[in-house]
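Peer 1: Following this message is one structure expressed as structure tokens.
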Amino acid sequence: MFSRRIIRSDMLKCVLCHDAPCSKACEMINPAEMLRSIWFDNEKTAAGRFPEKSPCVSCPAPCEDMCVRPHEVPIRRLMEKLHDDVKPNLEIPAPEDFDRLRTNICGIPLENPFLLSSSVVASNYEMCDRAFAAGWAGAAFKTICSFEIHEASPRFSAISGDNGSIIGFKNIEQLSDHTVVENMDVIRRLKEKYPTKFILASIMGKNDAEWEELARLCEENGADAIELNFSCPNMADGGLGSDIGQVPELVERFTRAARRGTKIPILAKLTPNVDSMSPAAEAAMRGGADGIAAINTIKSIIGINPHTYVSSPAVRGMSAVGGYSGNAVKPIALRFIAELGKNPNLSGMHISAMGGIETWKDALEYIMLGAGSVQVTTAVMQYGYRIIDDLKTGLNNYLAEKLFHDIEEVRGLALDSVSETTDVLERDTVVFPKFHRERCIGCGRCVISCADGGHQAIRMDEKRRPRIDGKKCAGCHLCVLVCPQRALVSGWKRITRIH
């Protein structure tokens, strides 16, 4: 596969509009759809939609005139790059069907591996109805409980990137504020309209009897499987949510209680607020669970206001520890999924993974570490249900290019490369960075980072061209990471020690 020729930084001013004016201005292609595909690592699908002859060559670019940020987004140039740079290098035509994406959860068919996770994005009939119509394979419905829920306002905050997109997201949201009866009606209606969509009913009880009763009701009203919420970090009362997930004995006890109430598959949703997830996962298995869902949000504090001294979100002068999600938590989530995927005691357990999934590549990483399905929340809250188009087409195109027949052939492929410790790593070679001189603009960021955070191995010559001193370079690749022009890549090797 060729490296990406267009990335998010090429279109940072684009805001991914609703009902985008740029597409209304163009009769030949759909610029908004293609820009969205670029944003979600799916430029190949976008390029494949282009006609053989580009309509952009002599076009006066009315799309840029109509943009909500007129002439700030280089739409025509991006379209030309798709046609001229990406399209000629496409390895295969776009697959005509999505059969490769078919998979299952505990033997129950899924049309693709993408589910909405239990949250505000799957909290009522109308929302799930629109999501299913858009192409999501199913949803973990927002956690059903008998508690009286009164949400705080505001209840969301975020850490944003340079263009305003969310990197890390904090919530103090709790469970469903609808009654059990109302939620059962929603599950029943959804299953009647969408019999092939997967309904994963998330539940939380206060005691054994409630766990058992809620599981029974969900099965009777059409749920395909039950998800036990042992992981919500935002509960007002102690002894619930993540308080359970941190105690394997409680996980086993309440899983066993839910199992008494139902015969359909049970997934235990576990908390990441632990050192190791395996003890709770194995306890859930002993209690009768068929799978694990992970991770839920990470306990966090963000955004201390320097004037009010209150963290965010502030509710009448107070805040609280809340759940952190978004793309920033993906490395932590991947670590837990790898732990579960490598645990031989969990063999046969379905893993439904979540944590910072925005693109098909994010989802693929989880699948390669052992997940059989993936769940999404924060990206949907930011970009909408429409992201399912690029999740599906991107993953489908990858599988076709690599000649994989289905998801199962990919599942777990990366597990053998992951070690819990660094003592297995080879340390006898240095991989030097390599310059793409035509991309370098002479900014010197590599020089600064190497001098102050590396090994003082890069200097600027008289023409503002960076030069590497091979005797000093340790191959750490800090320079590769900080270069704003992507002018540095992994290069050649030098043997440094011979045994």
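The values are calculated or read from the model by the stated rules, or taken from the named source; none is laboratory data. Everything numeric in this text was worked out from a predicted model, so none of it was measured. With ideal geometry, Cβ positions are generated from the backbone for all residues, glycine too; neighbour counts draw on all protein chains shown.
Peer 1: Condition test on Glu64, is it closer than 30 Å to Pro195 by Cα, touching a residue at least 12 places away in the same chain (Cβ under 8 Å), acidic (Asp, Glu) and crowded, with 16+ Cβ neighbours inside 10 Å? Step through it out loud before you land on a result.
Peer 2: Details: closer than 30 Å to Pro195 by Cα: no; touching a residue at least 12 places away in the same chain (Cβ under 8 Å): yes; acidic (Asp, Glu): yes; crowded, with 16+ Cβ neighbours inside 10 Å: yes.
For Glu64, the condition - closer than 30 Å to Pro195 by Cα, touching a residue at least 12 places away in the same chain (Cβ under 8 Å), acidic (Asp, Glu) and crowded, with 16+ Cβ neighbours inside 10 Å - is not met.
Peer 1: Let me ask something else. Determine whether the range 400-418 contains at least one residue that is of a type in the set (D, E, K, R) and at pLDDT below 95. Before the answer, list the steps.
Peer 2: Our first condition is that a residue be of a type in the set (D, E, K, R); within the range 400-418, this holds for 401-402, 406, 408-409, 411, 416.
Applying the additional criterion that residues be at pLDDT below 95 yields none.
No, the range 400-418 contains no residue that is of a type in the set (D, E, K, R) and at pLDDT below 95.
Peer 1: Quick one: in the range 268-282, of everything that is of a type in the set (S, T, N, Q) and within 15 Å of Gly241 (Cα to Cα), which residue is surrounded by the fewest Cβ atoms within 10 Å (Cβ to Cβ)?
Peer 2: By that ranking, first place goes to Asn273.
Peer 1: Let me ask you something else. So, of the residues in the range 235-246 that are crowded, with 17+ Cβ neighbours inside 10 Å and of a type in the set (A, V, I, L, M), which turns out to be farthest from Gly287 (Cα to Cα)?
Peer 2: Here is the first cut: in the range 235-246, the ones crowded, with 17+ Cβ neighbours inside 10 Å are 235, 240-246.
After this cut, where a residue has to be of a type in the set (A, V, I, L, M) as well, the list is 235, 240, 244.
On the way: Met235: 23, Leu240: 18, Ile244: 14 Å.
Of everything passing the filter in the range 235-246, Met235 is farthest from Gly287 (Cα to Cα).
Peer 1: Give the residues of the range 374-425 that are within 21 Å of Ile351 (Cα to Cα) and of a type in the set (Gly, Ala, Ser), sorted by residue number.
Peer 2: Within the range 374-425, Ala379, Gly412, Ala414, Ser417, Ser419 meet the criteria.
Peer 1: Name the one entry in Lys402, Lys471, Lys463 that is assigned by TED's automatic domain parsing to the domain that holds Thr103 and basic (Lys, Arg). Reasoning before the result, please.
Peer 2: Working: Lys471 fails: assigned by TED's automatic domain parsing to the domain that holds Thr103; Lys463 fails: assigned by TED's automatic domain parsing to the domain that holds Thr103.
The conditions single out Lys402.
Peer 1: Here are Asp185, Asp208, Asp237, Asp224: which of them is in the same structural domain as Thr143 (by TED's automatic domain parsing), acidic (Asp, Glu) and touching a Leu at 6+ places or on another chain (Cβ under 8 Å)? Steps first, answer last, please.
Peer 2: On the way: Asp185 fails: touching a Leu at 6+ places or on another chain (Cβ under 8 Å); Asp208 fails: touching a Leu at 6+ places or on another chain (Cβ under 8 Å); Asp237 fails: touching a Leu at 6+ places or on another chain (Cβ under 8 Å).
Only one candidate qualifies: Asp224.
Peer 1: Same structure, new question: Within the range 290-340, count every residue that is of a type in the set (D, E, K, R) and either surrounded by fewer than 19 Cβ atoms within 10 Å (Cβ to Cβ) or outside the structural domain of Val120 (by TED's automatic domain parsing) (or both). Break it down into steps so the answer makes sense when it comes.
Peer 2: Kept after step one, since they are of a type in the set (D, E, K, R), are these residues of the range 290-340: 290, 299, 316, 330, 335, 339.
Of the ones still in play, those that are also either surrounded by fewer than 19 Cβ atoms within 10 Å (Cβ to Cβ) or outside the structural domain of Val120 (by TED's automatic domain parsing) (or both) are 299, 316, 335.
Count: 3.
Peer 1: Here is a follow-up. Could you grab me the full set of residues in the range 67-77 that are farther than 12 Å from Leu12 by Cα and aliphatic (A, V, I, L, M)?
Peer 2: Quick first cut of the range 67-77, residues farther than 12 Å from Leu12 by Cα only: 67-68, 70-71, 76-77.
Scanning the range 67-77 gives a single hit, Val68.
Peer 1: Could I ask something else about it? On the basis of being in contact (Cβ under 8 Å) with a residue 12 or more places away in the chain, surrounded by 14 or more Cβ atoms within 10 Å (Cβ to Cβ) and not assigned by TED's automatic domain parsing to the domain that holds Lys170, does Arg155 make the cut? Lay out the reasoning, then the answer.
Peer 2: Working: in contact (Cβ under 8 Å) with a residue 12 or more places away in the chain: yes; surrounded by 14 or more Cβ atoms within 10 Å (Cβ to Cβ): yes; not assigned by TED's automatic domain parsing to the domain that holds Lys170: no.
So Arg155 fails the test.
Okay, residues lined up against (1) surrounded by fewer than 15 Cβ atoms within 10 Å (Cβ to Cβ); (2) outside the structural domain of Glu227 (by TED's automatic domain parsing); (3) within 16 Å of Met34 (Cβ to Cβ):
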{"residue": "Cys56", "(1), (2), (3)": "no, yes, yes"}
{"residue": "His71", "(1), (2), (3)": "yes, yes, no"}
{"residue": "His83", "(1), (2), (3)": "no, yes, yes"}
{"residue": "Cys106", "(1), (2), (3)": "no, no, no"}
{"residue": "Pro113", "(1), (2), (3)": "no, no, no"}
{"residue": "Ala139", "(1), (2), (3)": "no, no, no"}
{"residue": "Glu148", "(1), (2), (3)": "yes, no, no"}
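Peer 1: Every residue in the range 335-367 that is hydroxyl-bearing (Ser, Thr, Tyr) and part of a strand (DSSP E or B), please.
Peer 2: Initially, the range 335-367 is screened for residues hydroxyl-bearing (Ser, Thr, Tyr), giving 347, 352, 359, 366.
Matches in the range 335-367: Ser352 only.
Peer 1: Separate question: Restricted to the range 199-240, and to residues that are more than 28 Å from the chain's Cα centre (by Cα) and of a type in the set (S, T, N, Q), which residue is nearest to Ala139 (Cα to Cα)?
Peer 2: Asn221
Peer 1: Here is a follow-up. Give the residue that is nearest to Lys170 (Cα to Cα), with candidates limited to residues of the range 203-259 that are modelled with pLDDT under 95 and among the hydrophobic types (A, V, I, L, M, F, W, C).
Peer 2: Cys232
Peer 1: Quick check, is Val447 assigned to a strand (DSSP E or B) and either of a type in the set (Val, Ile, Thr) or loosely packed, with under 10 Cβ neighbours inside 10 Å (or both)?
Peer 2: Working: assigned to a strand (DSSP E or B): no; either of a type in the set (Val, Ile, Thr) or loosely packed, with under 10 Cβ neighbours inside 10 Å (or both): yes.
The answer is no for Val447.
Peer 1: What about Gly370, is it assigned to a loop (DSSP other than H, G, I, E, B), outside the structural domain of Leu16 (by TED's automatic domain parsing), buried (at least 17 other Cβ atoms within 10 Å of the Cβ) and of a type outside the set (D, E, K, R)? Spell out the reasoning first.
Peer 2: Working: assigned to a loop (DSSP other than H, G, I, E, B): yes; outside the structural domain of Leu16 (by TED's automatic domain parsing): yes; buried (at least 17 other Cβ atoms within 10 Å of the Cβ): yes; of a type outside the set (D, E, K, R): yes.
Here the answer is yes, as Gly370 does meet what is asked.
Peer 1: Is it the case, given these coordinates, that Leu101 is touching a strand residue (DSSP E or B) at 6+ places or on another chain (Cβ under 7 Å), in contact (Cβ under 8 Å) with a residue 40 or more places away in the chain and surrounded by 19 or more Cβ atoms within 10 Å (Cβ to Cβ)?
Peer 2: Values: touching a strand residue (DSSP E or B) at 6+ places or on another chain (Cβ under 7 Å): no; in contact (Cβ under 8 Å) with a residue 40 or more places away in the chain: yes; surrounded by 19 or more Cβ atoms within 10 Å (Cβ to Cβ): yes.
In short, no.
Peer 1: Could you say whether any residue in the range 194-209 is of a type in the set (Gly, Ala, Ser) and assigned to a helix (DSSP H, G or I)?
Peer 2: As a first pass, look at the range 194-209 and keep what is of a type in the set (Gly, Ala, Ser): 201-202, 205, 209.
Keeping just the survivors that are assigned to a helix (DSSP H, G or I) gives 209.
The answer is yes; a qualifying residue exists.
Peer 1: In the range 209-234, how many residues are small (Gly, Ala, Ser) and either surrounded by fewer than 24 Cβ atoms within 10 Å (Cβ to Cβ) or out of contact with any helix residue (DSSP H, G or I) (no Cβ under 8 Å at 6 or more places or on another chain) (or both)? Full working, then the answer.
Peer 2: Residues of the range 209-234 small (Gly, Ala, Ser): 209, 215, 222-223, 225, 231.
Next, only the ones that are either surrounded by fewer than 24 Cβ atoms within 10 Å (Cβ to Cβ) or out of contact with any helix residue (DSSP H, G or I) (no Cβ under 8 Å at 6 or more places or on another chain) (or both) stay: 209, 222, 225.
Summing the residues that are small (Gly, Ala, Ser) and either surrounded by fewer than 24 Cβ atoms within 10 Å (Cβ to Cβ) or out of contact with any helix residue (DSSP H, G or I) (no Cβ under 8 Å at 6 or more places or on another chain) (or both) in the range 209-234 gives 3.
Peer 1: Let me ask another. Out of all the residues in the range 331-380, which are of a type in the set (Val, Ile, Thr) and out of contact with any strand residue (DSSP E or B) (no Cβ under 8 Å at 6 or more places or on another chain)?
Peer 2: Passing the criteria: only Thr359.
Peer 1: Specify the residue that is farthest from Asn221 (Cα to Cα); the eligible residues are those in the range 244-285 that are out of contact with any Ser or Thr (no Cβ under 9 Å at 6 or more places or on another chain) and among the small types (Gly, Ala, Ser).
Peer 2: Top of the filtered list is Ser276.
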